[in-house]
Amino acid sequence: MARTGTALSISFVLMAVCGLAVIAQTPTVDWQRQRAETLKHYRALLQIDTSNPPGNETRAVEYLRNVLEAEGIPTQTFALDPKRANLVARLKGNGSKRPLLILAHTDVVGVQREKWPVDPFGAVLKDGYIWGRGSRDDKPNLVANLMVMLLLKRSGVALDRDVIFLAESGEEADVTGVGINFMVAQHFADIDAEFSITEGGGGRLDGERVSTINVGTAEKVPARVRLVATGQSGHGSVPRLDNPLIHLSAAIEKLGRWEPPMRFNATTKLYFERLAATVPPETAAIYKGLDDPQRAPASLRYLAEKDPQRYSMLRTSIVPTMLKAGVGPNVIPSEAEATLDIRALPDEDIKTFYDEMNRVIGDPAVKIVPLPPTRPPSPASRLDTEMYRTLEQVSKGMYPTATVLPTMSTGSSDMAQLRAKGIQSYGIGPAVSVEDENYGAHSDVERLLESSLYRFVEFTWNVVNAASAHR
Ligand SMILES: [Zn+2]
C-alpha cells in the first residue's frame with residue numbers, strides 16, 4: 001500500500017513541573033496533509049457493506065489489516081465466525097502506565113435503499129458532507145483510530161502505555177456473541193486496558209462553532225421483563241373477574257403512572273449543572289430546580305412532557321413495548337403478557353426494583369419474569385481519572401468556548417462489557433449540527449460533515465497523545 005507523506009515532526013518541549021524539568025515529546029501533525037489519507041480510508045470503509053445482519057465484518061478487517069501491516073504495525077484477528085472477525089493491533093509503550101484501548105465497531109445497521117438520495121455504500125461527497133451507512137455510526141471512530149495508529153507509528157513517539165486498536169464486529173446486534181462478548185470472554189488479555197475510548201459522545205455544532213462536547217461516561221443498564229398475567233380460560237360470552245387481559249392492563253396502567261424515584265449520579269449531577277449554564281434562564285431554572293425538593297416536581301413534569309430523553313437520565317425507566325394475548329374473539333385466554341423495556345440507573349439494585357414494581361402492581365395474578373440480560377451491569381466511569389481530565393483538556397484546547405458535558409446514555413453500548421471488566425471507558429464522537437440529527441445513527445440516511453471528520457481525527461489524536469505519549 002502506497003504511503004502518503006508523513007508530514008510529522010517531533011518537537012521537544014521543555015516544561016518545568018514542580019521544579020522538575022520534564023521532556024514531553026509532542027509530535028506535531030500537518031493536518032491539512034492528513035485529510036486526503038483520512039478521506040481515502042473513511043470512504044473505503046464506507047464502501048464495504050458491513051450491514052448487520054449478516055455483518056461480513058471480515059471484509060473491513062481485511063482492509064484494516066492491509067493498511068496497518070503495510071505500515072509495519074502487526075495485527076491479530078480473532079473470529080468466532082470466520083466472516084465476522086475482530087482485529088487487534090498494539091503499539092508498545094514502556095509499561096509505566098497500563099494500556100489505552102481505542103475501539104470502534106465495523107458493522108452498520110441495514111438500509112432501505114429507496115430512502116437514500118445517494119448510494120448508501122457509495123461514500124458520496126455532496127454539499128460538504130460524506131453520505132453513507134456508517135458515516136456516523138461508527139466509521140468516523142474507526143477511521144480516527146486507524147489514523148491515530150498510523151500517525152503514532154510514523155512519528156515514532158515514545159509511549160508510556162500500550163495503545164491497543166480494536167475493530168470489533170457485531171455491535172449493532174450481537175445475538176451470536178461474535179464481537180465484544182467474544183473478545184471479553186475469550187481474548188480479554190489482548191484488549192485489557194486501564195482506559196478505553198469509543199463511540200458514545202460527540203460535539204454540537206452551532207454554525208462554525210462547537211458549543212458543547214458530550215463525553216459518554218455512563219449508561220443505563222437494560223433490565224427487560226415480561227409481565228405475565230394468568231387466569232382461568234373460558235367462553236367469551238361469560239365475563240370472568242380473573243380475565244388475565246384485565247389484570248395485565250391494570251398492571252401496565254399502574255406501572256405507567258408510577259414515577260420511580262429520581263436520583264443523580266456524579267455524571268448526571270455535573271451534566272445538568274453545566275447544561276444549565278448553556279441555556280436561556282427559563283430552561284436553566286428547570287434544570288436547577290431538579291436539585292430543589294420544592295421545585296423538583298415541576299421540573300420533572302416539564303421534562304416528562306417536553307424532554308423525555310433527559311427525564312430518563314434521572315431514574316430507572318419502565319416502558320411497555322409489546323403485548324401478547326388471545327387466540328380468538330370469543331375465547332378468554334388463560335394468559336396475557338406484556339414486555340417492559342426497563343432501563344436501570346447504573347447503580348440500581350434490580351432485584352429490589354422488581355420487588356418495588358410488584359408492590360406497585362399489587363396483584364398476585366401478575367408476575368414479573370426477567371428476560372435474559374443483554375448487557376452486564378456496568379458502573380459509571382469515573383470523572384476523576386487521567387483520561388477524563390485529558391478529554392476535558394483536549395476539548396478546551398481545541399474548542400475554548402465549548403462546554404464539556406459528561407453524559408449518561410439512556411441506551412447501551414459495548415462500553416458496558418468493558419466497564420463491567422473494570423476498564424474506565426469514555427464515549428467520544430464528531431461534532432454535528434441540529435439539522436444533522438435527522439442523519440444520525442440508525443436514521444434512514446446517514447451523513448457526516450467532511451470538516452467534522454477531520455477535526456474528530458485531530459481530537460482523537462490529541463487525546464491519545466496526551467494520555468499515552470512519554471512524559
Ligand atoms: Zn455504533
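The values are calculated or read from the model by the stated rules, or taken from the named source; none is laboratory data. These numbers come from a predicted model, not from an experiment. Don't worry about glycine lacking a Cβ; one is built from the backbone with ideal geometry, like all the others, and counts go over all protein chains shown. These accessible areas exclude ligands, DNA and RNA; they are computed on the full protein's heavy atoms, side chains included. Shrake-Rupley method; radii C 1.70, N 1.55, O 1.52, S 1.80 Å.
Brief remarks on what is shown
- Hits in region 411-448 (condition: open to solvent by 40 Å² or more (accessible area, probe 1.4 Å), of a type in the set (A, V, I, L, M, F, W, C) and more than 17 Å from the chain's Cα centre (by Cα)): Val434
- Condition check for Lys92: open to solvent by 60 Å² or more (accessible area, probe 1.4 Å), of a type in the set (Lys, Arg) and more than 16 Å from the ligand (Cβ to nearest atom): yes
- Residue pairs whose Cβ atoms lie under 8 Å apart, separated by 6 or more positions or on different chains, with the first residue in region 371-387 and of a type in the set (Gly, Ala, Ser) and the second in a loop (DSSP other than H, G, I, E, B) and open to solvent by 80 Å² or more (accessible area, probe 1.4 Å), are Ala380/Asp347.
- Boolean, Leu159 is closer than 24 Å to Glu194 by Cα, more than 14 Å from the ligand (Cβ to nearest atom) and over 25 Å from the mean Cα position of the chain (by Cα): yes
- Top-ranked residue of region 219-271 - restricted to ones that are touching a Pro at 6+ places or on another chain (Cβ under 8 Å), part of a helix (DSSP H, G or I) and β-branched (Val, Ile, Thr), ranked as farthest from Leu290 (Cα to Cα): Ile252
- Subset of region 413-445 (residues that are under 24 Å from Met398 (Cβ atoms) and in contact with a Phe, Trp or Tyr (Cβ under 9 Å, 6 or more places away or on another chain)): Met415, Gln424, Ser425, Tyr426, Ile428, Gly429, Pro430, Ala431, Val432, Asp436, Tyr439
- Of the residues making up region 436-445, one or more are free of Cβ contacts under 8 Å to residues at least 24 places away in the same chain and either away from the ligand (no atom under 16 Å from the Cβ) or in contact with a strand residue (DSSP E or B) (Cβ under 9 Å, 6 or more places away or on another chain) (or both).
- Subset of region 168-226 (residues that are hydroxyl-bearing (Ser, Thr, Tyr), surrounded by 17 or more Cβ atoms within 10 Å (Cβ to Cβ) and closer than 19 Å to Gln393 by Cα): Ser196, Thr198, Thr212, Thr217
- Some residue of region 130-145 being more than 16 Å from the ligand (Cβ to nearest atom) and within 18 Å of Gln47 (Cα to Cα): yes
- Within region 358-379, restricting attention to residues that are open to solvent by 40 Å² or more (accessible area, probe 1.4 Å) and aliphatic (A, V, I, L, M), the residue that is nearest to Lys421 (Cα to Cα) is Leu371.
- Matching option when the condition is more than 17 Å from Gly202 (Cβ to Cβ) and within 16 Å of the ligand (Cβ to nearest atom), among Gln393, Gln424, Gln417: Gln417
- Listed conditions (1) open to solvent by 40 Å² or more (accessible area, probe 1.4 Å); (2) away from the ligand (no atom under 16 Å from the Cβ) are all met by Val463, apart from (1).
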